[in-house]
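Note sheet for the following structure.
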């Protein structure tokens, strides 16, 4: 468990802000204050996952490091697929195929699906690890972690990227407070797929 504590400390230093708990699911909502350290940890992990060959902190859990390294290695493929509108970020923290002319080619679509499946498998493993690390202290569930990561990825998605807005609840409220989501106007509704301005 020492590696868990040191990971939390390292990620706390990396993080600048956080997320809120999920809403609109069967999981209970937890306030921002209750999830402060978890939100910080998720922000740090999302940052690490978004850096190609980013240096992982010493003492990081080996399973977590393996998933983050795999995610970093896929970035040169995942990034362009997102930029071309082929895949988007769901409100559950996973990638989803989008309607795209590029994906009309069956080979291209098949390759995109393989990358998407591998990425989502790594994400699921990472979410489970974060849940296990924090379950005792705040009663965290995988559903809550998925929503927190989804909101963090919404914040980090480049302009033009496709995202699914959160379900009704605290996460949607947090998303609607973001300037880039406000700019969507009437399109900014629960669970809508949108291209971020």
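The values are calculated or read from the model by the stated rules, or taken from the named source; none is laboratory data. Quantities reported herein were computed from a predicted structural model and do not represent experimental measurements. Here Cβ is always computed from backbone atoms with ideal geometry, including for glycine, and neighbour counts include all displayed protein chains.
Figures for the structure shown
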| item | result |
| --- | --- |
| Given (1) assigned to a loop (DSSP other than H, G, I, E, B); (2) in contact with a strand residue (DSSP E or B) (Cβ under 6 Å, 6 or more places away or on another chain), number of the condition residue 190 does not satisfy | (2) |
| Hey, residue 169 out of contact with any strand residue (DSSP E or B) (no Cβ under 9 Å at 6 or more places or on another chain) and either within 19 Å of residue 194 (Cβ to Cβ) or buried (at least 18 other Cβ atoms within 10 Å of the Cβ) (or both) or not | yes |
| Test: residue in the stretch 101-116 that is modelled with pLDDT of 95 or more, closer than 20 Å to residue 152 by Cα and surrounded by 16 or more Cβ atoms within 10 Å (Cβ to Cβ) | yes |
| The stretch 135-151, residues that are in a helix (DSSP H, G or I) and under 17 Å from the mean Cα position of the chain (by Cα) | 142, 143, 144, 145, 146, 147, 148, 149, 150, 151 |
| Residue check, residue 63 modelled with pLDDT under 85 and either part of a loop (DSSP other than H, G, I, E, B) or under 25 Å from residue 144 (Cα atoms) (or both) | no |
| Residue in the stretch 102-121 that is in contact with a helix residue (DSSP H, G or I) (Cβ under 6 Å, 6 or more places away or on another chain), closer than 13 Å to residue 50 by Cβ and assigned to a helix (DSSP H, G or I) present | yes |
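Residues are listed down the side, and each one gets a yes or a no for (1) more than 21 Å from residue 144 (Cβ to Cβ); (2) at pLDDT below 90; (3) touching a strand residue (DSSP E or B) at 6+ places or on another chain (Cβ under 8 Å); (4) crowded, with 20+ Cβ neighbours inside 10 Å:
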{"site": "32", "(1), (2), (3), (4)": "no, yes, no, no"}
{"site": "44", "(1), (2), (3), (4)": "no, no, no, yes"}
{"site": "52", "(1), (2), (3), (4)": "yes, yes, no, no"}
{"site": "57", "(1), (2), (3), (4)": "yes, yes, no, no"}
